[in-house]
1. For residue 76, state whether it is surrounded by fewer than 18 Cβ atoms within 10 Å (Cβ to Cβ), at negative phi, at pLDDT below 95 and within 16 Å of the chain's Cα centre (by Cα).
2. Restricting attention to region 246-271, and to residues there that are within 15 Å of the ligand (Cβ to nearest atom) and without any contact (Cβ under 8 Å) to a residue 12 or more places away in the chain, which single residue is nearest to residue 185 (Cα to Cα)?
3. Restricting to strands (runs of 3 or more DSSP E) lying wholly in region 92-148: which have 2 or more residues that are open to solvent by less than 50 Å² (accessible area, probe 1.4 Å) and of a type outside the set (A, V, I, L, M, F, W, C)?
4. Select from region 149-170 the residues that are under 25 Å from residue 74 (Cβ atoms) and in a loop (DSSP other than H, G, I, E, B) and list them in ascending order.
5. So residue 241 ticks every box in (1) modelled with pLDDT under 95; (2) more than 16 Å from the ligand (Cβ to nearest atom) but one. Which box is left unticked?
6. In this structure, does residue 195 turn out to be open to solvent by 70 Å² or more (accessible area, probe 1.4 Å) and among the small types (Gly, Ala, Ser)?
7. Could you say which residue among 61, 27 is assigned to a strand (DSSP E or B), closer than 21 Å to residue 107 by Cα and more than 18 Å from the chain's Cα centre (by Cα)?
8. Being loosely packed, with under 15 Cβ neighbours inside 10 Å and among the aromatic types (Phe, Trp, Tyr) is the filter here, so list the residues in region 30-52 that pass it.
Amino acid sequence: MPELPEVETTRRGIEPLIINKVVAQVLIHNASLRWPIPLEMVTVLPGQKFHTVSRRSKYLLFSLDQGTMIVHLGMTGHLRVDSSLSARRKHDHFEIVFTDGSTLRYNDSRRFGAILWTKDDPLQHVRLSGLGPEPFDARFNTNYLYKLSRDRKVAVKPFLMDAHVVVGVGNIYASEALFRASIAPTRPAGKISKAAYKRLVEVVIIILNEAIAAGGTTIRDFANSEGKPGYFKQELRVYGRAGQKCTDCDTLIKQVKLGQRTTYYCPCCQK
Ligand SMILES: [Zn+2]
């Protein structure tokens, strides 16, 4: 599943390929994504110019003259830009043909993604308005996590993965961050010290930045290719390593279910 770094990599890869391009035609081949693609996009978008592509959580916000196209990649979605003369591929459900003959195509085999359109402030859209801070936002800091977590009995890992707390910390990143911060994922969020939350904030930002940097090597792939962003190429210290030796202490990595998500940790290094 694309996580925040893959979505950010997509943003950086796609933006230069579509900026200042003008929509000639919108083709909806299959509107039934997670929510139906609004049919009005076929009539409203032609003639409008693309300005910027920004990101909020795992939503991509494409700013046009009269509104914003909001894209979520779901489980298997990806975007690519190629020549409109090149053949459409299986699972290409949506495309925007530009006046210069290039085409932005959305491909999604499992169709859990979304393409939405709003003329209002996209940050106030019903899908986005309730989200917590971005991990790179100054609002995500030690005091914020510490205060928010007091009296919370939920384990720290699902707490960290809760999009109301902070967006974009998925299962892999949460496991890896808690290992690097030496915090057991099973501990109640409300029992974690301020010093430990300080470490956690720091490593979350480092890990996400490392993943974005790893994805950055694949940016050229968004033109005339599969359009799949580079996936998390970082060394994984605990994730997926149940039964193997901890890289720091040789204790065997444990696997547990927390909030229905498989969680990996070192019972010796993480307290
Ligand atoms: Zn260890």
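1. Working: surrounded by fewer than 18 Cβ atoms within 10 Å (Cβ to Cβ): yes; at negative phi: yes; at pLDDT below 95: yes; within 16 Å of the chain's Cα centre (by Cα): yes.
Taking the combined requirement at face value, the residue satisfies it.
2. Among those residues, the one meeting the criterion is 252.
3. 92-98, 102-108
4. From region 149-170, those under 25 Å from residue 74 (Cβ atoms) are 157-170; that's our starting set.
Result: 162, 163, 164, 165, 166, 167, 168, 169, 170.
5. (2)
6. no
7. Values: 61 fails: more than 18 Å from the chain's Cα centre (by Cα).
Sole residue among the options that is assigned to a strand (DSSP E or B), closer than 21 Å to residue 107 by Cα and more than 18 Å from the chain's Cα centre (by Cα): 27.
8. 35
The values are calculated or read from the model by the stated rules, or taken from the named source; none is laboratory data. Because the structure is predicted, anything quoted here is derived from the model rather than measured. Don't worry about glycine lacking a Cβ; one is built from the backbone with ideal geometry, like all the others, and counts go over all protein chains shown. We work out accessible area using only protein heavy atoms, side chains counted, and drop any ligands, DNA or RNA first. Shrake-Rupley method; radii C 1.70, N 1.55, O 1.52, S 1.80 Å.
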